[in-house]
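For reference, the structure is listed below as structure tokens.
The values are calculated or read from the model by the stated rules, or taken from the named source; none is laboratory data. All values reported here derive from a predicted model rather than from experimental measurement. Using ideal geometry, Cβ is built from the backbone for each residue, glycine included, and neighbour counts are taken over all protein chains shown. Calculation scope for accessible area: heavy atoms of the full protein, side chains included, ligands and nucleic acids excluded. Shrake-Rupley method; radii C 1.70, N 1.55, O 1.52, S 1.80 Å.
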Amino acid sequence: MSEIRLKTDAELEKMRQAGKLAAQVLEYVGQYVAPGVSTGYLNRLAEEFTLSHGAVSAPLNYNGFPQSICTSVNQVVCHGIPSDKHILKSGDIINIDITVILDGFHGDTSATYCVGEVSEKARLLVEHTEKAMYKGIKAIKPGAYLSDAGKAIEKYVRKFGYSIVREYGGHGIGRAFHEPPQVFHHYTPENRIVLKKGMIFTIEPMINMGRNWRVTTSREDGWTVTTIDGSLSAQFEHTVAVVDSGVEILTKV
Ligand code: MF3
Ligand code: CO
Ligand code: CO
């Protein structure tokens with residue numbers, strides 16, 4: 001628990017602009033996902049698009065992260081590093097996570113794409129994960145608890161036998177990439193933060209196909225997070241604002 005600074009209407013407007021651009025970058029790069037394409041190429045496309053729209057890529061050099069976007073393939077949960085050596089193949093699933101800084105404000109969004117023909121199990125994981133994100137988003141409104149989002153996601157995901165990653169979650173966002181509050185995507189009843197107009201944070205559930213929610217970080221690159229059991233993991237992310245009428249998704253084109 002800590003100070004969550006509420007955004008003013010003027011700041012919300014800036015966040016709308018940043019969110020829109022992040023969504024545009026994601027939509028643009030997503031069109032290029034195909035067998036034979038490298039994650040390094042997707043990274044360059046995102047970087048060029050972002051710069052040409054007057055923004056910068058937030059991940060680049062963030063705590064030493066070496067690229068402009070995260071590309072997390074199959075059992076990689078998050079923070080995958082794009083590389084020209086990593087060529088996508090039919091059957092893969094890939095999460096592309098875009099964060100831009102536009103005029104000082106961050107927009108953060110991600111989606112998981114199916115490459116070529118994927119197994120039905122993998123396709124369902126991706127579809128259910130997107131739906132889970134929207135279940136979480138729908139729980140957000142002034143007066144609700146932040147934990148209602150995780151509660152809704154957990155309720156939805158449980159029936160499929162998947163697990164919800166606990167070590168990484170959503171986050172407040174604004175002039176900073178990551179700021180309070182921390183957002184859990186599983187139910188944490190002790191986390192009684194009451195939502196107020198002006199709060200802006202991400203909802204970004206990482207859902208593992210296996211029953212084990214645990215993850216491990218690569219000792220070689222210090223970034224790549226994978227499921228501990230090697231099972232597939234999918235993720236979707238939106239940046240959202242608490243508004244009088246409920247919730248507004250900022251990362252839409
Ligand atoms: N975009 C990620 C998130 O949703 C954070 C990436 S941090 C990086 O919070 F350093 F790996 F880029
Ligand atoms: Co995020
Ligand atoms: Co992100």
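Quick rundown of the values:
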quantity	calculated
Heavy-atom accessible surface of the stretch 9-249: percent carbon and sulfur, 1.4 Å	50
Summed residue charge, Cβ within 14 Å of Cys114's Cβ, Lys/Arg positive, Asp/Glu negative	-2
Distance between modelled label sites at Lys89 and Arg123, nm, 7 Å Cα→Cβ extension	2.1
Estimated distance in nm for a label pair at Lys252 and Asp221, the labels positioned 7 Å out from Cα along Cα-to-Cβ	3.3
Fraction of the pair-distance distribution of the chain above 32 Å, Cα-Cα pairs, percent	15
Under DSSP loop assignment and at most 14 Cβ neighbours within 10 Å, longest GluC sites (Glu not before Pro)-free interval of the chain	4-116
Whole-number accessible area per residue in Å² for the chain, which is evaluated in the context of all protein chains at 1.4 Å	45
Neighbour net charge for Asp97 - beta-carbon separation under 11 angstrom, K R +1, D E -1	-3
His171 long-range amide H proximity, modeled H, under 5 Å	Val183, Thr202
Sparse-neighbour loop sites [trypsin sites (Lys or Arg not before Pro); the stretch 182-253; at most 15 other C-beta within 10 Å; DSSP]	Arg192, Lys196, Arg211, Arg214, Arg219, Lys252
Point-to-point label distance, Lys197-Gln31, nm (Cα→Cβ direction, 7 Å offset)	3.8
Within the chain, helix-based [θ] at 222 nm, where runs of 4 or more DSSP H residues each add -39,500 (n - 2.57), nearest 500	-9000 deg cm²/dmol
Inter-centroid distance (Cα atoms) of the stretch 115-143 relative to the stretch 79-106, Å	18
14 Å beta-carbon shell around Phe65, net charge (K/R +1, D/E -1)	-4
Calculated FRET efficiency for the pair Asp244/Lys159, C-beta based, R₀ 35 Å, to 0.05	0.55
Theoretical FRET efficiency, 1/(1+(r/R0)^6), r = Cβ-Cβ of Leu51 and Arg5, R0 30 Å, to 0.05	0.55
